[in-house]
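Heads up: the structure comes next, in structure tokens.
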Amino acid sequence: MQSADGRRLDLDLLAERADQAGARTYVDLTQAVGWLPVGAGRFDVTACSAYKWLCSPRGVGFMTVRDDVDWLVPRLAGWYAGPDPWASLYGPPLRLAEDARRFSVSPAWFDVAATAEALRGAGMMTTSRGGGTRLSFHLTNTGDDADRAAAVLRSHRPT
């Protein structure tokens, strides 16, 4: 997505042409993730800031790295990039995970906590899944419940 005018890049065509040319692909999905299905697995690397459509405070972002990518080098590797962060927390040598986790950095704990506390303060119950906040709507929820959740999340979105 082009943020200035909303133009959409044809991701299928991009992936197809890159494959034909043998080109590596990196796609910034910040303007699309959260409202547009993107299928990140067709690209070598994708990244996005979570403050846009994922309604997270600034400081949280996500990245995907395809399994066969061997040319990308972790530059900020630390304890969280280990195969089991809690087991690789102390002492050298730094052992990086074999999968995309090797690119992970310590989460923005306060940003994630701020989002969860705001929801709790509004009387909403959330759970944590994969390091993020999960909202699940059920048959007993109403449109008002969804509106209230959206309002809380919107209040944490940058203006």
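Which one is modelled with the lowest pLDDT, of the residues in region 1-34 that are closer than 27 Å to residue 71 by Cβ and loosely packed, with under 10 Cβ neighbours inside 10 Å?
Within region 1-34, the match that is modelled with the lowest pLDDT is 10.
Out of the residues in region 1-37 that are in contact with a strand residue (DSSP E or B) (Cβ under 8 Å, 6 or more places away or on another chain) and of a type in the set (Ser, Thr, Tyr), which is nearest to residue 49 (Cα to Cα)?
30
Among the residues of region 44-90, write down those that are closer than 23 Å to residue 113 by Cα, touching an Asp or Glu at 6+ places or on another chain (Cβ under 8 Å) and not hydrophobic (A, V, I, L, M, F, W, C).
Of everything in region 44-90, those that are closer than 23 Å to residue 113 by Cα, touching an Asp or Glu at 6+ places or on another chain (Cβ under 8 Å) and not hydrophobic (A, V, I, L, M, F, W, C) turn out to be 56, 57, 58, 59.
Would you kindly identify the strands (runs of 3 or more DSSP E) lying entirely within region 19-115 that contain at least 1 residues that are more than 24 Å from residue 5 (Cα to Cα)?
Details: elements: 26-28, 45-49, 61-65.
Passing ranges, in order: 45-49, 61-65.
The values are calculated or read from the model by the stated rules, or taken from the named source; none is laboratory data. It should be emphasised that the depicted structure is a prediction, and the values quoted were computed from it without experimental measurement. Virtual Cβ from ideal backbone geometry, glycine too; neighbours counted across all protein chains shown.
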